[in-house]
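Chemist: Okay, handing you the structure first.
The values are calculated or read from the model by the stated rules, or taken from the named source; none is laboratory data. Everything numeric in this text was worked out from a predicted model, so none of it was measured. We place every Cβ from the backbone using ideal geometry, glycine too, and count neighbours over all the protein chains shown.
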Amino acid sequence: MYTKGQEEAPFQLLVAVILMTFVIIVGLRAIEQAEEQKCFYDTEKSMDDLRTAIERTVQNHTPSIIRFTPPGCSDEEQFFVLKTDYENLCKRTCMNASSVCVLLRYSTSETSGIQDKCINIPYDTQFRHVGDDTDSCQEIDGYKKLEMESNQGLILGSYYLVYYDNPAINYPIVCSYIKE
């Protein structure tokens, strides 16, 4: 009394379930990759904004306020302002023949694809900070001084960058603060 259609139904259902499972897994992976790419894009955008603020402060001698809040794509990520004399790195990152440069670096234990950002400022630019005997930076209400070249990396938050103008000094000084 069984018909051929009734015999094939369980097999067709099994194939349909396997195909749907495969489609769902592939779809979820695609969504995960898209979210990861958006996170890295937002991180690069935050880095570009900070780089631009530092450059604007040094080149135009004007203060800059920037909110540096990358989304946190990794548990162990850090950001650094790095002065380097590694010529190949400077040439590759800054696209010029300079053998020294200032970079904004993203560091994580995971692979990210996020590249160093060249900060187009003079190599001898000083970021004055707490503990510096020749600290030229004034205290500012609501902000605390920040070590931009610290080994601990940059802190997430609202930055206030000020160019310290002193004709007796022949190199740029940037006073960096973070909102308390």
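Chemist: Taking into account only those residues within segment 61-105 that are under 17 Å from the mean Cα position of the chain (by Cα) and among the hydroxyl-bearing types (Ser, Thr, Tyr), which is farthest from ILE121 (Cα to Cα)?
Modeler: Looking at residues that are under 17 Å from the mean Cα position of the chain (by Cα) and among the hydroxyl-bearing types (Ser, Thr, Tyr), I get SER74.
Chemist: Do you know which residues across segment 34-66 are within 13 Å of SER176 (Cα to Cα) and outside any helix (DSSP H, G or I)?
Modeler: THR62, PRO63, SER64, ILE65, ILE66, listed by residue number.
Chemist: Quickly run through segment 167-180 and pick out the residues that are farther than 22 Å from LYS144 by Cβ and either polar (S, T, N, Q) or part of a strand (DSSP E or B) (or both).
Modeler: Result: ASN170, single match.
Chemist: List pairs: first in segment 77-96 and at negative phi and loosely packed, with under 14 Cβ neighbours inside 10 Å, second at pLDDT 90 or above and not in a strand (DSSP E or B), Cβ under 6 Å, 6+ apart or cross-chain?
Modeler: ASP85/VAL100
Chemist: Could you check how many residues of segment 97-108 are among the hydrophobic types (A, V, I, L, M, F, W, C) and crowded, with 18+ Cβ neighbours inside 10 Å?
Modeler: 4
Chemist: Also, quick follow-up: Conditions first: (1) modelled with pLDDT of 90 or more; (2) surrounded by 11 or more Cβ atoms within 10 Å (Cβ to Cβ). MET20 passes all but one, so which condition is the exception?
Modeler: With respect to (1) modelled with pLDDT of 90 or more; (2) surrounded by 11 or more Cβ atoms within 10 Å (Cβ to Cβ), MET20 is out only on (2).
Chemist: Does ARG56 meet the test of being farther than 17 Å from ILE173 by Cα and of a type in the set (D, E, K, R)?
Modeler: No; evaluated as a whole, the condition is false for this residue.
Chemist: With the checklist (1) outside any loop (DSSP other than H, G, I, E, B); (2) within 19 Å of the chain's Cα centre (by Cα) in hand, flag the one item LEU19 doesn't pass.
Modeler: (2)
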